[in-house]
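Taking it in order: structure first as structure tokens, then the write-up.
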Amino acid sequence: MRIVIAAVGRLKQGPERDLAERYRKRAADAGRSVGLQAFDVVEIRESRADQAERRMLEESIAIANVIPDRAVSVILDERGESLSSAALAGRLQGWRTETRPAAVFIIGGADGLAPSLRERANLAIAFGAATWPHQLARIMLLEQLYRAVTILSGHPYHRG
């Protein structure tokens, strides 16, 4: 199973991009031992439309185009479930057991996601009630995915 992070916007060169890449690489390296083939980040170009609804729609269409058939889609949303790291690991293991081709984690743009993409999601998760900058949300997601992989592989990184 592949893990894909589809994120609206680019991380510019700098410490945030370096940290995100460090967790992505760690997750990819550790993930092979538990049947996760790849950890890819797909950066979706931000829409330049004048209206927020149009921006949401254009960005959501671009995101939908990178979701493979039969893939699990997970949106990051402040109204989503707050999953423990172990619960996220359990979800990954379950999706892998279902032989899903991919799990796609979606980070929308500043205006959010179109209702059609939100409704299509298999799961919505939140990193608490606070609003986080997209750069930090991506880093936190990658760290949690790395942590989930270490839980599945029995690595001592997570001390739950």
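Each stretch of four or more DSSP H residues adds -39500 (n - 2.57); spread over every residue of the chain, this sum gives -14000 deg cm²/dmol at 222 nm. When both bridge partners sit in the chain, DSSP labels roughly 5% of those beta bridges antiparallel. Computed from phi, the 3J(HN,Hα) profile of the stretch 102-109 under the Karplus parametrisation 6.51, -1.76, 1.60 (θ = phi - 60°) reads 7, 10, 10, 9, 10, 10, x, x Hz, with x in place of Gly and Pro. For the chain, set up a GNM with springs between Cα atoms under 10 Å and report which of Val149, Val104, Val72 has the largest fluctuation. Greatest mean-square fluctuation among the candidates belongs to Val72. Between the entries (i) 15.0, 49; (ii) 15.4, 56; (iii) 16.8, 50, the label attached to Rg and Dmax of the Cα atoms in Å calculated for this structure is (i). Within the listed set Glu143, Glu53, Glu21, the Gaussian network model of the chain (springs between alpha-carbon atoms below 10 Å) gives the highest mean-square fluctuation for Glu53. Using a 10 angstrom cutoff on alpha carbons, build the Gaussian network for the chain and name the most mobile of Ile106, Ile125, Ile75. In this elastic network of the chain, the residue with the biggest mean-square fluctuation among Ile106, Ile125, Ile75 is Ile125. In this structure the amide hydrogen of Val41, modeled in the peptide plane, comes within under 5 Å of the amide hydrogens of Ile5, none closer than 5 places in sequence on its chain. Rounded to the nearest whole Hz, the Karplus-based 3J(HN,Hα) values (6.51 cos²θ - 1.76 cosθ + 1.60, θ = phi - 60°) of the stretch 71-78 follow the sequence 6, 7, 10, 10, 9, 8, 8, 4, with x at glycine and proline.
For the chain, the longest principal axis of the alpha carbon atoms and the long axis of helix 85-97 meet at an angle near 90°. The phi torsions of the stretch 28-43, fed into the Karplus equation with coefficients 6.51, -1.76 and 1.60 and a -60° offset, translate into couplings of 5, 5, 6, x, 4, 6, 10, x, 9, 7, 7, 10, 10, 10, 10, 8 Hz, rounded to whole numbers, with Gly and Pro shown as x. So which chymotrypsin sites (Phe, Trp or Tyr not before Pro) in the stretch 85-160 end up in coil per DSSP with only 15 or fewer other C-beta atoms within 10 Å? Hits after loop and neighbour filter: Tyr157.
Where a number appears in this text, it was derived from the coordinates with a stated rule and is not lab data. Note that this is a predicted model, so its numbers are computed, not measured. Every residue, glycine as well, gets a Cβ built from its backbone with ideal geometry; the counts of neighbours run over all protein chains shown.
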